[in-house]
Amino acid sequence: MFKDVGVKMNIENGRSAELFGTYDMNGTWSHGTYEMAGWSHGLRAPDPEISNRFLCSEIAGPDNTTGAQWNRYCNPAVDELLIAAGSEFDEAKKTELLHKAQEIMHEDAYRIFLFASGRNYGVAKGLENFELGRWYKWYGGIHKWEWSE
């Protein structure tokens, strides 16, 4: 794909400890010493609070060595929306706030996604009430699972 447009890509795999290391540990991603990267944290809750991955104040650096925001993206308007969404209990209002934040992030084009992995799961016969959630993978509805005979 890149070769077709004159771009040469050298893929280098790194050790997890180096890639995911904190700023103090000279982590590749926390320092932003990369040109292109691919990883996913996933969302691990039915109602994810994602601001630590996007807030300006969470960008890792000398004054914030444990910062969780390795995208190095900063937009105060997005900060306001994510903070408001994080404390909103009304699902419709929360969704509206997150959609607004997503629109701004899309317009800013701070990321270019090369592909999206499919979510494919195999489920044993007899397992009832299995569903993939919108914000989480399979484990969000585990409390509803039942075995049928």
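Just so it is clear, none of the values below were taken in a lab; they were calculated from the coordinates. Owing to the predicted nature of the structure, the values given are computational and were not obtained by experimental measurement. Heads up, the Cβs are rebuilt from the backbone with ideal geometry, glycines too, and the neighbour counts pull from every protein chain shown.
How much net charge surrounds ALA101 when only the other residues with a Cβ under 14 Å from the Cβ of ALA101 are counted, with Lys and Arg +1 and Asp and Glu -1? Please report the intermediate quantities before stating the final value.
Working: positive: ARG53, LYS93, LYS94, LYS100, ARG111; negative: GLU49, ASP79, GLU80, GLU88, GLU96, GLU103, GLU107, ASP108.
Summing Lys and Arg as +1 and Asp and Glu as -1 gives -3.
Compute the Cα gyration tensor for region 71-125, then decide on rounded, prolate or oblate, letting a ≥ b ≥ c be the square roots of its eigenvalues: rounded whenever a/c is under 1.5, prolate when a/b is larger than b/c in the other cases, and oblate in all that remain.
Details: a/c = 3.03, a/b = 1.34, b/c = 2.26.
Judged from the Cα gyration tensor, region 71-125 comes out oblate (a/c at least 1.5, b/c at or above a/b).
Starting from a Cα-only point model with no solvent, please compute log10 I(q)/I(0) by Debye for the chain at q = 0.10, 0.16 1/Å.
-0.51, -1.09
May I ask you to sort TRP39, TRP145 by Cβ crowding, counting other Cβ atoms within 10 Å and putting the fewest first?
Working: TRP39 10, TRP145 13.
In increasing order of surrounding Cβ atoms, one gets TRP39, TRP145.
Between ASP63 and THR33, what is the spin-label point distance in nm, taking each point 7 Å from the Cα along the Cα→C-beta axis?
That separation, rounded to one decimal, is 2.2 nm.
Would you calculate a helix-derived [θ] at 222 nm for the chain, using -39,500 (n - 2.57) for each DSSP H run of n ≥ 4 and dividing by the full residue count, to the nearest 500? If you can, show how the numbers build up before the last one.
Working: 4 runs with 37 residues, N = 149.
After summing the helix terms and dividing by the residues of the chain, the value is -7000 deg cm²/dmol.
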